[in-house]
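What follows is one structure encoded as structure tokens, with my remarks underneath.
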2 protein chains.
Amino acid sequence: MDRLETISEQRLHGGLQGFYRHRSEACDGPMRFAVYQPPRAARQPCPVLYFLAGLTCSEETATIKAGAQRLAAELGLVLVMPDTSPRDTGFDGATGDWEFGEGAGFYVDASQAPWSSRFRMHSYVVDELPQLIATQFPVDTSLSGICGHSMGGHGALTMALKHPGRYRSVSAFAPIVAPSQVPWGHKALPRYLGDDPAAWADYDACELVRRRVFPGTILIDQGEADPFLDTQLKPELFDQACAEAGQPLLLRRHIGYDHSYWFIASFIDDHLRHHARALGVA
Amino acid sequence: MDRLETISEQRLHGGLQGFYRHRSEACDGPMRFAVYQPPRAARQPCPVLYFLAGLTCSEETATIKAGAQRLAAELGLVLVMPDTSPRDTGFDGATGDWEFGEGAGFYVDASQAPWSSRFRMHSYVVDELPQLIATQFPVDTSLSGICGHSMGGHGALTMALKHPGRYRSVSAFAPIVAPSQVPWGHKALPRYLGDDPAAWADYDACELVRRRVFPGTILIDQGEADPFLDTQLKPELFDQACAEAGQPLLLRRHIGYDHSYWFIASFIDDHLRHHARALGVA
């Protein structure tokens, strides 16, 4: 692991909002992420909540727009917000399409060339980044939660379901819950993972929850005015899969809310409290 | 007054975050602004708080970065955030310098050509915009407060001191309090107002407070790690002017905080409560 480069650190809500860059082994190149340290982190290790952003977003998006730091400061939660993919890969087709490539890593470990050499966001978020965070920030790595939005909600759900020992809690805003069944997945998953649907199932929350439930209630918020609701998100598929698998799920539908960070900001406090309860700080 | 064009309206904290455009008479061209309507505004007229942004900013900056809507929703405050100048003026020198011209209107009514034909932000914010807001949104115009950041803090202070009947409350983050005495003012004011310092004094909070105090305590927050503190902001000048004039001032200095919106987000709730008390909703 290369050394951590600090891009910026600024005082926020009595704590510290930082942006960092390092060389990732999993993604074979530079990766950026943001960390918010609450005031309590100056005195003792704190639980950590990972937030995974969606298509077109970066480590800056939720950091700037979600408004999570105010309550994280009060609860004593460290927030870690990674970028959504490697950048400046130079791969043919890596830019120019907001639904695939850079900014659209889909939190998988790609198996198909050329993506397999750099687009390994699953390993990056589940393994490499937490190891880096553990050595560089005052966190209690035994107390981790994961949350995400849209493509990042897909990432959070699949990571928690595949690695329940790593995360005490999971939640999502307007997540992609069944990428094997929707256009976003049909476009991205074959290019990252090949044409065999069995490979897609390994990154499909509806499939994963049937294999093994998460030991805790999953919280999902969904806006009813979300333009992707019926075509890409289909929360009813996850609702049904959870019911059949015996997975506790709290799926809340909010009239009038869309897919934006205004929606996330409106309910982020509920998500922080959901995680804080599981992490023993609320 | 031309009709109001809605750019977007989205659900936020139970209320509505909107972006709008209209043709301004004062600025002789299109102007944009943002309005947040709290849930209470669906049932009754609400007090209104104007927030004026600083150099390089627009109607989007504080709307996205200040995190003001959460508590505004709870308190029942309408938030109005205008752009910082006319745009696309085509004037020679209007772009390319972040300290002057578009994005840097300094909230004055310019008297010098060509600026005098478009750069009339003082009249726009004090007169035209409130009239438009009164006809188009559920506000109680007898209950208005004004707040701003940096150049916008200068705008808020000078507007409240010049028109105390219009505003029940005023506050600022890291305001320019003495533009007649600092480089930002020395660059912008002569080009907008001419070379006579008497014209600058009409837009200088330190001068204005000596002429007439504001009927209420002025709240100012200032970060001690603000890189503009000693050269451009000099809050001690306003502190002294207020003391000499008998103006109640609460000037808070915050160790470690800089000039950014992270600083604003950290203390915006205190400002909302300051205004809410004066506006009778807290």
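Note on B:R210/B:D230: beta-carbon distance plugged into 1/(1 + (r/R0)^6) with R0 of 30 Å gives a FRET efficiency of 0.85. Dividing the Cα radius of gyration of the stretch B:31-73 by its Kirkwood radius returns 0.99 for Rg/Rh.
For the stretch A:71-163, dividing the convex hull volume of the Cα atoms by the residue count gives 119 Å³ per residue.
Would you please report the Å³ per residue occupied by the convex hull of the alpha carbon atoms in the stretch B:5-279?
Convex hull volume per residue, Cα atoms: 110 Å³.
Note on the stretch A:164-282: with neighbouring protein chains present and a 1.4 Å probe, carbon and sulfur make up 51 percent of its accessible heavy-atom surface.
How much accessible area is lost when chains B and A come together, counting both sides, with a 1.4 Å probe, in Å² rounded to the nearest 100?
1700 Å²
The percentage of C-alpha pairs in the protein assembly as shown whose separation is greater than 47 Å is 18%.
In the stretch A:139-282, the inverse of the mean reciprocal separation of distinct Cα atoms equals 15.2 Å; this is its Kirkwood hydrodynamic radius. Note on chain A: helix-only mean residue ellipticity at 222 nm, from DSSP H runs of 4+ residues weighted -39500 (n - 2.57) and normalised by residue number, equals -8500 deg cm²/dmol. Looking at the stretch B:5-279 alone, DSSP beta bridges between its own residues are antiparallel in about 50 percent of cases.
Can you say what percent of the DSSP beta bridges in the protein assembly as shown, counting only those with both residues inside, are antiparallel? Round to 5.
Expressed as a percentage, antiparallel bridges in the protein assembly as shown total about 50.
Across the stretch B:217-222, rounded Karplus estimates of 3J(HN,Hα) from the backbone phi angles (6.51 cos²θ - 1.76 cosθ + 1.60, θ = phi - 60°) give 6, 8, 9, 10, 10, 9 Hz, Gly and Pro being marked x. Here is the size of the stretch A:1-107 from its Cα atoms: Rg then Dmax, 14.8, 47 Å.
Under 5 Å between amide hydrogens, built in the peptide plane, is the criterion, and for A:L143 it picks out A:V48 among residues at least 5 positions away or on other chains. Net charge of the neighbourhood of A:R252, taken over other residues with C-beta under 9 Å away and scored Lys/Arg +1, Asp/Glu -1, is -1. The HN-Hα couplings worked out from phi for the stretch A:70-86 by the Karplus form 6.51 cos²θ - 1.76 cosθ + 1.60 (θ = phi - 60°) are 4, 6, 4, 4, 5, 7, x, 9, 7, 10, 10, 10, x, 5, 8, 5, x Hz, whole numbers, x standing for Gly and Pro. Among A:131-138, B:152-159, A:15-22, sorting by the average number of other beta carbon atoms lying within 10 angstrom of each residue, highest first, gives B:152-159, A:15-22, A:131-138.
Based on protein heavy atoms only, the stretch B:5-279 ends up with 34 Å² per residue of surface accessible to a 1.4 Å probe. Amide H to amide H distances under 5 Å link B:V170 with B:I146, B:L219, where only residues 5 or more positions off or on other chains count and H is placed in the peptide plane. In whole Hz and in residue order, list the ³J(HN,Hα) couplings for the stretch A:265-282 that follow from phi through the Karplus curve 6.51 cos²θ - 1.76 cosθ + 1.60, θ = phi - 60°; x for Gly and Pro. Each residue's phi maps through the Karplus curve to give 4, 5, 10, 4, 4, 4, 5, 4, 5, 4, 6, 4, 4, 5, 8, x, 10, 9 Hz. Scoring A:264-277, A:111-124 by mean Cβ neighbours within 10 Å over their residues and listing the highest first yields A:264-277, A:111-124. Between beta-carbons, use under 10 Å as the cut-off and find the net charge around A:G216, counting Lys and Arg +1, Asp and Glu -1. Counting the neighbours of A:G216, the net charge comes to +2.
The values are calculated or read from the model by the stated rules, or taken from the named source; none is laboratory data. This structure is a prediction, so every number in the text was calculated from the model and none was measured. Methodologically, a virtual Cβ is constructed for each residue, glycine included, from the backbone with ideal geometry; neighbour enumeration extends over all protein chains shown. Calculation scope for accessible area: heavy atoms of the full protein, side chains included, ligands and nucleic acids excluded. Shrake-Rupley method; radii C 1.70, N 1.55, O 1.52, S 1.80 Å.
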